[in-house]
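> Here it is, the structure, as C-alpha cells.
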Amino acid sequence: MTTKFSENAIKSASLSLIAEIWTLEPKLISDNPKSYRDGSSILDTCLKVFKNTCKFSSRSMKLSTLGLMFKLLDQFARSRDNQAPVIYKLLAFSLIENIHDDDIREFMLRSFTNVFEQHKTIPVSILVEPILRIM
C-alpha cells in the first residue's frame, strides 16, 4: 500500500528524471515521433504533467516542480531551444494561479529575477502584463 508521501516521492523523482533527460537530450522529448493512445506527443504529455503538477499538487510538489521548470527555462534560454517560450508561458500562468500563496509567489519572483538577470533577451512583458491585469 502506498502512502501519499511515497506517491509524491515517486512523482517528484519521475519529474526530476524527465527534466534531467529533457535538459541533457532535448530532442528525445521535443522531436520524438511517438505518441500516446490519445494522440498526444511525448512533448505535449510532458508539458501537461508539469502544468498539472504546478496546478493541482501540494505546495511542496508545486515548489519542486517549479524549480525544475525554472531549470529547464534557464537551459533552454541558454541554448535558444524553441521550448523556452513555452516553459516561460507556463511559468507565467503558474505565477498568476499561485499569486495569493506567499511562499510560491516569493519563490517564483526570485527565480524569475534570476532568469531575467542571466538572460537579458527574455521579454519581461509576457510576465508583467498578466500581473497588471489582476491588480
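> Relative to the compact-globule scaling 2.2 N^0.38 Å, provide the ratio for the alpha-carbon radius of gyration of segment 4-134.
The reported ratio for this selection is 1.05.
> Return the subset of Lys71/Lys120; Lys55/Lys120; Lys34/Lys62; Lys27/Lys48 for which the Cα-Cα distance in this structure is over 21 Å, preserving the input order.
In this structure, Lys55/Lys120; Lys34/Lys62 exceed 21 Å between Cα atoms.
> Ok, one more. Give the Debye-formula value of log10 I(q)/I(0) at each listed q (0.21, 0.29, 0.31 Å⁻¹), with one equal scatterer per alpha carbon of segment 82-123, two decimals each.
These q points yield log10 I(q)/I(0) values of -0.68, -1.06, -1.11.
> How much length would be gained if the chain were fully extended between Lys120 and Arg105, taking 0.36 nm per residue of separation minus their Cα-Cα distance, in nm to one decimal?
So the extension gain works out to 3.2 nm.
> Extending each Cα 7 Å along its Cβ direction at Val128 and Tyr36, get the distance between those two points in nm, one decimal.
Result for the modelled spin labels: 3.7 nm.
Only the coordinates and a few stated rules stand behind these numbers; no lab work does. Everything numeric here is computed off the predicted structure, so don't read it as measured data. So basically every Cβ, Gly included, is an ideal-geometry build from the backbone, and we count neighbours across all protein chains shown.
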